[in-house]
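Here's the structure, in structure tokens; my notes come after.
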Amino acid sequence: MISSSPKISRSALALLFDLLSTPKLELSAEQFNAREEYRELLAARLLTPVSSTPTSVCIHGRDHDILPNATGPGFGYFSAGAGWVSVPMEELQRYRADPLRVLSVLRQWLEISDRSAIAVLQHDAIWDLGDTWMGKRKLAVLFLRRAHLPKSMQQLQQALQVFPRRKSAMVLTDVPINTFGPDLPGEPLCTDLMGLIPPDEEMVGSIDKELIADLLGLGIPKRSQTGPVYCSEDGGELVVNGETYHFTGDIHRSIIRQLSDAWLRGEPRLRTAAVLVEAESNAKAISQAFNRCKTDWRKAVGYGDGFSWLIVEE
């Protein structure tokens, strides 16, 4: 099930992806306090405080190695001009980007089901977020961190060589990709996230899939309803006799798409067994296939005597 999508300001999102591209994904207290957007990211749980013992501190843009105070509590550092300098504990706080939380938000923005876990393809570098629909095409969505580095592109090449869905994959990145990297198996679309956000969009709560479809050369048809039945290309939206139904599961969408296509071509009744096989469902009946569907599908889908159809009042 896909939960409600959080909205993040464009400026905060840009800072977040810049932070993801750094080696440790960490901010000092000075850096954190310098930009209000970091508080927004902390409130959205995209940043988390680091509780480990401090090893360095950034003071006026310069890093200093931190040592425990030998004569009392607290920490400090040695300065050539000032000797021992004690550092207030609040200045030692550090904050770290939470990659899994970021990837979870991206899945929501791309309408990717959270029923399966995010898979790690390369530790701390490449993740498989799952599948999303672009029209009738199912795309595997990967995320690549530190995409500006040649090493990251080599890791992506290695991961794609053994990735079974490489020919139907899209790679999202934190920063613009290194254009001088190696050829990628399957030739996936590679694009940085900020490149998918319109420049005039101040608050971001989704990713425009039509823009991705244009980049892929697919194009998603605009909604056009001239009769009592309308179905989106991915089967996620069905309109029958003016009533709208939404479906999120891949099996449900496939069944709805099949039944709507059959009705539109004038052959509304389909054999249920064939429909379930095409939808890659292990169910033996339509009611079993829709068992966990929260949409009131029985108003739109009829079944019986081995057949299934849309319930349409003409």
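Each reported figure results from applying straightforward, stated rules to the coordinates on display, with no laboratory input. Small disclaimer: the values here were computed from a predicted structure and weren't measured.
Within the listed set LYS151, LYS167, LYS294, the Gaussian network model of the chain (springs between alpha-carbon atoms below 10 Å) gives the highest mean-square fluctuation for LYS294. Entry note, the range 229-310: relative contact order of 27 percent, from Cα contacts under 8 Å with a spacing of 6+ residues.
Backbone geometry of the range 115-122 corresponds, through the Karplus equation with coefficients 6.51, -1.76 and 1.60 at θ = phi - 60°, to 3J(HN,Hα) couplings of 5, 10, 6, 5, 9, 8, 9, 9 Hz, x marking Gly and Pro. Relative contact order for the chain: 13 percent, from Cα pairs under 8 Å spaced at least 6 residues apart, divided by residue count.
For the range 88-196, just say rounded, prolate or oblate: build the C-alpha gyration tensor, square-root its eigenvalues into a ≥ b ≥ c, call rounded for a/c under 1.5, and beyond that prolate if a/b exceeds b/c, oblate if not. Here the range 88-196 falls in the oblate category. In this structure the amide hydrogen of MET134, modeled in the peptide plane, comes within under 5 Å of the amide hydrogens of LEU139, none closer than 5 places in sequence on its chain.
Sort the chain into rounded, prolate or oblate with this rule: let a ≥ b ≥ c be the square roots of the eigenvalues of the Cα gyration tensor; rounded if a/c is under 1.5, and if a/c is not under 1.5, prolate when a/b is larger than b/c, oblate otherwise. Because a/c hits 1.5 or more and a/b exceeds b/c, the chain counts as prolate. For the range 63-146, the relative contact order works out to 15 percent when only alpha carbon pairs closer than 8 Å and six or more residues apart are counted. Comparing SER168, SER28, SER287 in a Gaussian network model of the chain (Cα springs below 10 Å), the most mobile by mean-square fluctuation is SER287.
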